[in-house]
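**Student:** Just dropping this structure here.
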Amino acid sequence: MKALVVFYSTYGHIYQMAEAVAEGVKQVNGAEVELRRVPETLPDGVLEQMGAVDAQKAFSHIPVCTVDELAAADAVIFGTPTRFGNMCGQMRQFLDATGQLWANGSLVGKVGSVFASSATQHGGQESTILSFHITLLHQGFVIAGLPYAFQGQMRIDEISGCSPYGASTIAGGDGSRLPSENELAGARFQGKHVAGIAAKLAS
């Protein structure tokens with residue numbers, strides 16, 4: 001069973017979550033996982049003004065994903081920051097290039113899942129994941145979320161992302177808050193959960 005973790009990260013929060021998702025996938029016997037980032041659409045000058053250049057160097061070694069790689073995977077787990085309650089433009093543009101895969105039914109029956117980040121606790125983590133699901137359903141993915149078996153999403157002793165729709169992290173208004181251990185644990189759980197479902201479907 002082969003899983004693909006496809007993400008876009010501006011300041012590294014989603015990259016850290018993606019690594020945790022991949023760790024979870026590896027907990028399933030026989031599962032292989034690869035990380036891929038979607039193409040950047042912003043000019044270097046804009047990224048410099050955003051202060052994102054140095055942060056992105058941490059994952060510049062991750063290969064850029066091609067749409068054909070989606071068809072070769074049994075499961076695809078997407079990671080995106082929130083932009084006004086929806087996926088980021090870079091992820092949207094990447095998915096908009098998958099029309100031929102849709103026409104051929106290349107993604108039908110694969111397991112799809114989503115994790116996200118937002119600046120604030122109620123900044124659109126859930127709506128981003130749920131609206132992302134619309135695209136996955138059009139492509140024929142079998143959608144998996146983050147079940148309440150991950151009880152970390154029920155904690156009220158600390159501020160934390162994660163919902164039944166998928167793992168998430170809160171970056172803070174200035175991006176200074178890194179994913180907590182509870183949020184990373186949710187990402188690992190989701191990776192293992194998705195990989196387990198995909199392995200059963202592939203057998």
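The values are calculated or read from the model by the stated rules, or taken from the named source; none is laboratory data. Keep in mind the model is a prediction, meaning the values are calculated, not measured. Neighbour counts run over all protein chains shown; Cβ positions are idealised from the backbone, glycine included.
**Student:** For Met91, only one of the following conditions fails: (1) assigned to a helix (DSSP H, G or I); (2) surrounded by fewer than 21 Cβ atoms within 10 Å (Cβ to Cβ). What is its number?
**Tutor:** (2)
**Student:** Contact list please: Cβ distance under 9 Å, first residue in segment 177-203 and at negative phi and polar (S, T, N, Q), second residue assigned to a helix (DSSP H, G or I) and modelled with pLDDT of 95 or more, pairs at least six apart or on different chains.
**Tutor:** Every condition considered, the pairs that remain are Asn182/Gly152; Asn182/Gln153; Gln190/Ala20; Gln190/Val21; Gln190/Gly24.
**Student:** Taking the condition of being in contact (Cβ under 8 Å) with a residue 60 or more places away in the chain and either under 16 Å from the mean Cα position of the chain (by Cα) or assigned to a helix (DSSP H, G or I) (or both), how many residues in segment 27-41 meet it?
**Tutor:** Summing the residues that are in contact (Cβ under 8 Å) with a residue 60 or more places away in the chain and either under 16 Å from the mean Cα position of the chain (by Cα) or assigned to a helix (DSSP H, G or I) (or both) in segment 27-41 gives 1.
**Student:** Right, here's the next one. Considering segment 162-196 alone, what residues qualify as being part of a helix (DSSP H, G or I) and among the β-branched types (Val, Ile, Thr)? Outline the logic, then answer.
**Tutor:** Residues of segment 162-196 that are part of a helix (DSSP H, G or I), as a first pass: 181-196.
Val194, the sole residue that qualifies.
**Student:** Can you spot a residue in segment 73-89 that is of a type outside the set (Val, Ile, Thr) and on the phi > 0 side of the Ramachandran plot?
**Tutor:** Scanning segment 73-89 turns up at least one residue that is of a type outside the set (Val, Ile, Thr) and on the phi > 0 side of the Ramachandran plot.
**Student:** In segment 164-190, how many residues are modelled with pLDDT of 95 or more, among the hydroxyl-bearing types (Ser, Thr, Tyr) and surrounded by fewer than 20 Cβ atoms within 10 Å (Cβ to Cβ)?
**Tutor:** 1
**Student:** When you scan segment 80-108, how many residues do you find that are in contact (Cβ under 8 Å) with a residue 40 or more places away in the chain and out of contact with any helix residue (DSSP H, G or I) (no Cβ under 7 Å at 6 or more places or on another chain)?
**Tutor:** Total satisfying the criteria: 7.
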